[in-house]
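Below is one structure, written out as C-alpha cells; the observations come after it.
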Amino acid sequence: MSQLSLNTFEEDSLRKTYFVQVLLPVPIPKTFTYRVPQKYEEHIQVGIRAIVPFGKKKIITGIISAIHQEAPNDYEAKYLLEILDEFPVVSRQQFKLFEWMAQYYMATEGEVLNVGLPSGLKLSSESKIQLNPEFQLEQSPYIFSQIEEVVINLLKKEGLLSYQQFAEITNTKQTSVLIKDLLKKQVIMLIEQVQERYKPKTEKRLRLQKDWLDKAQLNELMQQLDKKPKQLDVLLKYLQEVPVFNDRSSNYTGVAKSIFKEEQFSISSISTLIKNKIFEEYEVITSRLDYLNRQENLDHEITLSPAQEACRDELNTIFTEKDVALLHGVTGSGKTEIYLSLIREVIDSGSQALFLLPEIAITTQMIQRVRKIFGDQVGIYHSKFSDAERVEVWQGVAEGTINFVIGVRSSILLPFNNLSLIVVDEEHESSYKQYDPAPRYNARDTAVVLANIHQAKLILGSATPSYESFYNAKTGKYGLSILTERYGEGSMPEIEVIDMRRQKAKKLVKDDFSHSLLAALESEMNKGNQAIIFQNRRGYAPYLQCETCGWISECENCSVSLTYHMHQHELKCHYCGYRQKSPSACLSCESTALVMKGFGTEKIEDDLKLHFPDVKIQRMDRDTTRKKYSYQQIIESFESGETQILIGTQMVTKGLDFENVSLVGIVDADRMMYYPDFRAHERAFQMMLQVSGRAGRSHKKGKVWIQSFQENHPLFSFLLKYDYEGFYELQLKERHSFFYPPFCRLIKIVLKGSQADAVRNGARLLHESLVSKMGNQRVLAPHEPMIAKIRNIYHMEIWIKMEKGYPLESTKNQIKSTVTKLQENSQFRKLRIVFDVDPQ
Ligand code: ADP
Ligand code: ZN
Ligand code: ZN
C-alpha cells in the first residue's frame, strides 16, 4: 500500500510539464509561451490552433509552432485555454514561408498569419458569432446541453452575438469550450465583420410525397386528376423531368419549383397539389459557390496546338535544369491551356498545384473552363468571396480534398503540404503586390520562395513580362520559353497612333475624340462588331478649374484634386472618399467660369452615348463593379453581344477573351506615359499592349487606335511592331544609367503622422542616422510623395537604394533598429513608420 502511494507520488513529481510556443496574429515580433493543461498533452501538435489568454482580458486564437519543456525564466507562463483542431491547419512548409516573408518584407510572422488565416478560423474576444444557416436543430445528429440550447435560441432571436455576450451567458472559462463545441457540431460560425454575414442561397424544390411512388398508386393518381387537367399538366411535366416510373429513387431530388414558371402551368394548381399532399415542397441550400458549381460533365481533354505542345515540352526541358521558367507568350497564344495541361499531370500524380491570377482575371469564363476539366478538386480563392468560402478552401487544402487552387495573391498563404507546380499568370501585374497592411509582399516573388520550400516548379507567364523577370530570364537565372503566335485564326491587330496635336490644329477633335477614332468606331458599329474604349481614369472629369483665377477643387483632407462625378453632381476624393456638391462658382474668386479639365470613363461614356445614340454602351470601372456580381453582368452582357461598346479602366485589359471585338481605342495614352515613376514607361507599354490584345481574337482582323500628343515618342515605334524586347532593351539602358531595378534593390520607408512638423523632422533625423551607417549614396534624401497628405495624415518617404550583393538581411535589421531608436524619442513616438521592400 505504502509502496504504491510512493510510486504515484514519484511519478507525479517527475511528470513532465509541457509548454508550447504560440504564434499569434498580432504585430509583435515573437511567439508566446503557454503551458499545456494535462488533459491536452496527448493532443498537442505543431500546426493546430489554440485559444489563449492575451493581455488582461482578451482571448485570441494562435497557431502552435513548437512544443518543449522549458519554462520561461522571466515570467510564469499561463495555461492555454483550448485546442481547436485534431489535425494541423498550418503546414510545416507554411511555417518556413511565414518566417521568410516576415524577415524579407520587414514584418512579423504574426502579421503574415493575420493576412493569411481567414477570420473564420480566428476566434478571439473580438469575434462575432452567428448561427450557421445550414443548421437545423431537428436534423442535427448531436445532443445539445441545456446551455447550448439557450445559446441556439438566443442566436435565432438576435441573429448575431459578440464574444462578450457569449461570455455573459456562460462563465468565461467555459466560453471558448462552448464555442468550440458548437463550431464542431456546425451550429455556429465566426465572422469578422457584420457585412460579411453569410446567407446561403436556397432553392425551392418539389417532389412527390412518398405514398405515390408505387406504380399502381401513381396510375390511380393520374386517373383521379383526369378531371383536373391543370393539375394533371403539372404532374405530367414532373414525370417527364423525373422518371419515377423507371426509378423511384429519382424522386428524392425532385425538381426546382421554378421549372413551372412557364405560363402553361398554374401556380394555384401547384399549391393545391401541395395542400392535398401529392407534392411535397422543400428547400435546399444551393452551394455557396453556386454559379461556379454548375454541374457540368467533366471533360478531361486538353488538346494543345503544335506550337503549344512545343512550348510545353520546352518548359519540361527547362525544369530538368531550373526551377523557374518565364513563359513569354503573346496575348491570345493560349498560355492557360499550357498551364492546365501541366497542372493536369501534377494532379494526376497526386501532388498539389497553385494557379495565381490577378483578382480581375478570375472570371466565370475561366472558372467554368477549369471546373470542366478538374471537377471539385479545384478550390477558388477570391477576395470577393465570403470568409466562409475562404475557410472552406483553407480546410480543403489542409485536409487534402483540394489539390488545385486558383486564387488571388493571398492564396500563396494556403496550407499546402505537397506542392509540385505553381503558375503565376500575368506575372507583371502590380496587384500581386500587397500595399496595406504589412506584410507588403509580392506574391510573384514569394512564389519563387514557396516553390523552393516545396521543391516545386514555377512558371511565370505574361505577354508583357515585368522587366525584373525578363532580366532574370535573359541572364539565365530563369528559363525562357517564347510563344509568338496566337492560337487558332486570330492575328495581332494593327496599331495606329493618332497625332492629336495635328488633329486639334485642324479642328478635328470633338469631346476629346479625334475624328479618325469616331469614324472608325462608326464603321465597326455599322458592321455589327464590338469595341473596347480604354481610359485609365474613372469619374467624369478629373478636376474642376476656375478659368479666371486658376483655382482647382482640392480635397480638404488630402493633397489631391477632387474628381467630378456627373451622376451625383458631386466632387469626390478617390483617396479618402470625401465628397461635396459641385460648386456653381469658384470658391476662391466667385467667378462662374468653372471648366472641367481632363476626362474619365464616366465622361467618355456620356460623350459616346451622344455620338452613338442607338448603340448599347456599358462602362466597367471601380464605380460600376462594386457589387459582387456586377462585374460578371457587364462581362456577360458584352460577351453575348448585347453591349456593343465597352468603356473601361485597366479592368478591361486583363484576361478577357471576346471574339467579336474588332476595335480598341486608347483615348489618352499620354496620361499613362507621363506619370512620375521610374516604371511609368514599362507600365504604359504593358497596358497598351494588353488592351490591344483584346482585339482580333477570332478570324476578324482587329485594329487599335491610340490618341497621343506625343506621337513621335519611341515607345510607339516599338509598340507598332509589337516589339516588346526592343523597348525593354531601350528602357534597360535607362534603368542602368539611373541605377534602378533590376540593377538595384529598393526599400521605401514611409513616415506618417498628423503633425506635419514631427513627420518632417522625424524623416530628417532618420535620414541622418541611416546615412551615417550606409552612406549617402544608398540613402536618398527624404521627400514628400506625390500625394503628401491623405485623410489629414502627412507622409514623408525615404528611399534606400542598394547595389546587388550589398548585405540585405543585416541592412534590414539595421534599418529596423534605427527606427526603433528614433521612436524612443517622445516627439516621434506617435509616428507610424512602415517599410516597403521592393516597392511597386
Ligand atoms: P492568353 O492567356 O495566352 O492570352 P488564352 O489562354 O486566353 O490566351 O487563349 C486565347 C483563346 O484561345 C481562348 O479562347 C482559349 O480558350 C483558346 N485556346 C487556346 N488554346 C486552345 C486549345 N489548345 N484548345 C482550344 N482552345 C484554345
Ligand atoms: Zn476663381
Ligand atoms: Zn481626400
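Each residue of the range 721-730 was assigned a 3J(HN,Hα) from its phi angle through the Karplus expression (A = 6.51, B = -1.76, C = 1.60, θ = phi - 60°), giving 9, 6, 8, 4, 5, x, 5, 4, 4, 4 Hz with x at Gly and Pro. Applying a threshold of 20 Å to the alpha-carbon distances of K597/K703; K627/K789; K257/K277; K335/K477 flags K597/K703; K627/K789; K335/K477 as lying beyond it. Magnitude of the charge dipole for the chain, about its Cα centre and with charges confined to Cβ atoms of Lys, Arg (+1) and Asp, Glu (-1), is about 1700 debye. Shape annotation for the range 89-143: C-alpha extents along the principal axes are 52, 25, 16 Å, from largest to smallest. For the chain, the mean residue ellipticity at 222 nm estimated from helices alone is -10500 deg cm²/dmol, where every DSSP H run of n ≥ 4 contributes -39500 (n - 2.57) and the total is divided by all residues, rounded to the nearest 500.
Remark on G329: its backbone amide H falls under 5 Å from those of S462, A463, L483, a criterion applied only to residues 5 or more positions apart or on other chains, H modelled at 1.01 Å from N. The residue among P465, A77, I787 whose Cα reaches farthest toward the positive pole of the charge dipole of the chain, with charges on the beta-carbon of Lys, Arg, Asp and Glu, is I787. Taken one residue at a time, the phi angles of the range 85-93 give Karplus couplings (6.51, -1.76, 1.60, θ = phi - 60°) of 10, 8, 10, x, 9, 10, 8, 3, 5 Hz. Gly and Pro are set to x.
The Cα center of the range 786-840 and the Cα center of the range 513-530 differ in position by 51 Å. The dipole here belongs to the range 202-285: it is taken about the Cα centre, uses +1 on the Cβ of Lys and Arg and -1 on the Cβ of Asp and Glu, and is about 160 debye.
Add +1 for every Lys or Arg and -1 for every Asp or Glu among the other residues with Cβ under 13 Å from the Cβ of Q777, and state the total.
Numbers: positive: K773, R778, K801; negative: E803.
Neighbour charge sum, excluding Q777 itself: +2.
Compactness of the range 757-812, taken as the C-alpha radius of gyration over 2.2 N^0.38 Å, stands at 1.26.
Cα centroids of the range 622-643 and the range 332-354: 29 Å apart.
Quick note on the range 744-837: its Rg to Rh ratio, both from C-alpha atoms and Rh being the Kirkwood radius, is 0.96. For the pair A781 and N813, label points projected 7 Å from Cα toward Cβ lie 3.3 nm apart. Most tightly packed first, judged by the mean number of other beta-carbon atoms within 10 Å of their residues, the peptides 213-223, 303-313 read 303-313, 213-223.
As a ratio to 2.2 N^0.38 Å, the alpha-carbon radius of gyration for the range 108-252 is 1.62. Evaluate the Debye formula for the range 128-191 with equal point scatterers sitting on the alpha carbons, no solvent, and hand back log10 of I(q)/I(0) at q = 0.16, 0.24 Å⁻¹, in q order, two decimals. With one equal scatterer per Cα and no solvent, log10 I(q)/I(0) is -0.44, -1.06.
With contacts taken as Cα pairs under 8 Å and at least 6 residues apart, the chain reaches a relative contact order of 10 percent.
Projecting the Cα atoms of L137, S176, I147 onto the dipole axis of the range 128-191, where Lys and Arg carry +1 and Asp and Glu carry -1 at the beta carbon, places S176 farthest toward the positive end.
By the Kirkwood approach, averaging reciprocal distances over each pair of separate Cα atoms, the range 3-121 gets a hydrodynamic radius of 15.4 Å.
Lysine pair count for the range 3-121 with Cα-Cα distance under 18 Å and sequence separation of 8 or more or different chains is 8. Packing here is the average count of other Cβ atoms within 10 Å per residue, and on that basis the peptides 742-749, 667-674, 563-570, highest first, run 667-674, 742-749, 563-570.
The protection proxy used here, the mean number of other Cβ atoms lying within 10 Å of each residue, ranks peptides 368-374, 596-602 as follows, highest first: 596-602, 368-374. Of the GluC sites (Glu not before Pro) found in the range 411-492, those in coil by DSSP whose Cβ has at most 13 other Cβ atoms within 10 Å are E489. Multiplying the residue separation of V26 and N73 by 0.36 nm and subtracting their alpha-carbon distance yields 14.6 nm. Each Lys and Arg contributes +1 and each Asp and Glu -1, all at the Cβ; summed about the Cα centre of the range 3-121, the dipole is approximately 380 debye.
The alpha carbons of the range 202-285 give a radius of gyration and a Dmax of 11.9, 36 Å, in that order. Listed by chain and number, the lysines placed with their C-alpha closer than 19 angstrom to that of K773 are K748, K801, K804, K812, K816, K821; residues fewer than eight positions away on the same chain are left out. Along the positive direction of the dipole of the chain (beta-carbon charges: Lys, Arg +1; Asp, Glu -1; about the Cα centre), which of I274, Y543, V405 reaches farthest? Positive-end residue among those listed: Y543.
Using R0 = 30 Å, the C-beta based FRET efficiency linking H569 and H515 works out to 0.50. Diffusion of the chain by Stokes-Einstein, at 20 °C in a medium of 1.002 mPa s and with Rh set to the Kirkwood radius over alpha-carbon pairs, works out to 69 µm²/s.
Solvent exposure of the range 744-837 amounts to 51 Å² per residue of accessible area, where only protein heavy atoms count and the probe is 1.4 Å.
The values are calculated or read from the model by the stated rules, or taken from the named source; none is laboratory data. In this text the structure is predicted, and so the values were computed from the model without any measurement. Here the Cβ is made from the backbone with ideal geometry for all residues, glycine too, and neighbour counts use every protein chain on show. Ligands, DNA and RNA are excluded from the accessible area calculation, which covers all protein heavy atoms including side chains. Shrake-Rupley method; radii C 1.70, N 1.55, O 1.52, S 1.80 Å.
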